[in-house]
Amino acid sequence: MNCATTRHARRSGETPTASYCCLKNPTTTRTDTMLATILTTLAVGLCATTGAADELHERLFTIDTHVDVPRIEEVREFDYLSVPSAQVDISKMEAGHLDAAFFILFSSQTPMDTAGYKAGREEAMARYATIRRMLDRHPDRIALARTADEARAIHASGKLVAFLGMENGNPLAGDSANLKQYYDLGVRYLGLLHMGHNDLGDSADPNRGRHEAEKLHGGLTDAGHAVVAEANRLGIMVDVSHAQRDTAIEMAEVSKAPVIASHSAVRALNDISRNMDDDQLKAVAATNGVVQIVAFNTHLKKGHRERMPAIIKLAQEVGLTAGNHDPNTLSPAMRDKYLAGRAEIDRKWPKVTATVSDLVDHIDYAVKLIGIDHVGIASDFGGGGGIEGWRDASETPNVTRELVARGYSEEDIAKLWGGNLLRVLEDVQRAATPQ
Ligand SMILES: [Zn+2]
């Protein structure tokens, strides 16, 4: 919410709500007029700055390249207009002027066999069904884009834009011919890897539970090469996020079209395997691609390495899943066990909270290394993303405020917030030969 009328308020006829920056006459309990004058000056100055940044934010076409969704069987009651437990719904996107998001056909890395591939396919399709239902229920508020031009036209009509991305190539069962069916659904980027190696290449996060080695293949496999070539042919952006360093660089080198990192951060600022080192960042930029810096606490700031495995172990013990992490759905005994376990984990390994300032530190680093044309922004909402100041889609203007405060021009901010990504999508589709 901001000083200006919001788009949602314009559409619905509601009276827009003013934020703190619109309080032009702060009062004090003291009669010190000098202090009151100083406070008023500061408040008006803040309002002027924030108001200008918010007006700039409203002019942008903002694209978030990574939003995870639950499996449809877990959310049959969701209306998608307003879901209090979700970081992204239609109302929050409208309120925060988050104009477009890539909604993700995610699947967990199951074993590489017939049953595992089938499970991966079913999970990806269950998430597609969630996204499809949102689009079918609210065609007046949000629509699917398959090209940059379609996205711009939908945005110009006053609706939100949904793109489709795919995270984990496991459902392809190692056969590039299976990619076409996802292209036909509207998928426009493919992340080949997730957590755990697969038959396309190595993951940045080997599956410790399955005792996987740091590297399984040492790079992209023959099947991985074929999938990259097929993505190039169809006009699907190749996404290196989650790929192990050498696999990621090889993907960038062999792709005939620009590649993206749909949700990644900078390893020089936080040395974890999931983040990208300077060579990886340069490899993506060398394709004329884009690295979308992700608002994920433990990617931006060093966390306790024991915390997340402990939470996952506890969740599995009480029966929570990736799609249902609400302990209120558990039996009273399991709920109590979960809450006690979480309190113990919080005490032993406190949660690390990154801020919007930390996010923009990573953006600054990437911009200085590879240039403003090769950097963008992603939330990973629904998949563990969300930081102090950008906890859900409604808080999106805070990111623009920080970029303005750091001195980025409107032209540069427009590139970061989606201009670069649309350029890459256009380049990838221009280079494609789908027929
Ligand atoms: Zn991810």
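Given (1) surrounded by fewer than 21 Cβ atoms within 10 Å (Cβ to Cβ); (2) touching a residue at least 40 places away in the same chain (Cβ under 8 Å); (3) within 23 Å of His66 (Cβ to Cβ); (4) touching a helix residue (DSSP H, G or I) at 6+ places or on another chain (Cβ under 8 Å), where does Ala229 come up short, assuming only one miss?
(3)
When you check Ala162 against the structure, is it of a type in the set (Gly, Ala, Ser) and either surrounded by 17 or more Cβ atoms within 10 Å (Cβ to Cβ) or under 22 Å from the mean Cα position of the chain (by Cα) (or both), yes or no?
In short, yes.
Test Gln292 against the criterion of being part of a strand (DSSP E or B), of a type outside the set (A, V, I, L, M, F, W, C) and either modelled with pLDDT of 95 or more or more than 16 Å from the ligand (Cβ to nearest atom) (or both), and give yes or no. Quick ask: steps written out before the conclusion?
Working: part of a strand (DSSP E or B): yes; of a type outside the set (A, V, I, L, M, F, W, C): yes; either modelled with pLDDT of 95 or more or more than 16 Å from the ligand (Cβ to nearest atom) (or both): yes.
In short, yes.
Which residues, taken from the range 238-261, are in a strand (DSSP E or B) and more than 24 Å from Arg305 (Cβ to Cβ)?
Val238, Asp239, Val259, Ile260
Can you confirm whether the range 116-135 contains a residue that is touching a residue at least 24 places away in the same chain (Cβ under 8 Å) and farther than 23 Å from Tyr183 by Cα?
Taking every residue of the range 116-135 in turn, none turns out to be touching a residue at least 24 places away in the same chain (Cβ under 8 Å) and farther than 23 Å from Tyr183 by Cα.
For Gly376, all conditions in the list (1) within 16 Å of the ligand (Cβ to nearest atom); (2) not assigned by TED's automatic domain parsing to the domain that holds Asn270 hold save one; what is the number of the exception?
For Gly376, the failing item is (2).
Identify, from the list Asp358, Asp380, Asp336, Asp373, the residue that is surrounded by 15 or more Cβ atoms within 10 Å (Cβ to Cβ), acidic (Asp, Glu) and over 17 Å from the mean Cα position of the chain (by Cα).
Working: Asp358 fails: over 17 Å from the mean Cα position of the chain (by Cα); Asp380 fails: over 17 Å from the mean Cα position of the chain (by Cα); Asp336 fails: surrounded by 15 or more Cβ atoms within 10 Å (Cβ to Cβ).
Result of the check over Asp358, Asp380, Asp336, Asp373: Asp373.
Might you check whether a residue that is within 16 Å of the ligand (Cβ to nearest atom), closer than 28 Å to Met93 by Cα and among the aliphatic types (A, V, I, L, M) occurs anywhere in the range 165-172?
yes
Out of the residues in the range 94-128 meeting the condition of being within 16 Å of the ligand (Cβ to nearest atom) and of a type in the set (A, V, I, L, M), tell me which one is surrounded by the fewest Cβ atoms within 10 Å (Cβ to Cβ).
Step by step, filter the range 94-128, then rank; the result is Ala124.
Is it the case that some residue within the range 50-63 is within 16 Å of the ligand (Cβ to nearest atom), of a type outside the set (A, V, I, L, M) and modelled with pLDDT of 95 or more?
No, there is no match, as no residue in the range 50-63 is within 16 Å of the ligand (Cβ to nearest atom), of a type outside the set (A, V, I, L, M) and modelled with pLDDT of 95 or more.
Mind checking which residues of the range 165-209 are surrounded by 24 or more Cβ atoms within 10 Å (Cβ to Cβ) and among the basic types (Lys, Arg)?
Within the range 165-209, Arg188 is the sole residue that qualifies.
The values are calculated or read from the model by the stated rules, or taken from the named source; none is laboratory data. What you see is a predicted model, and the numbers here were worked out from it, not measured in a lab. Methodologically, a virtual Cβ is constructed for each residue, glycine included, from the backbone with ideal geometry; neighbour enumeration extends over all protein chains shown.
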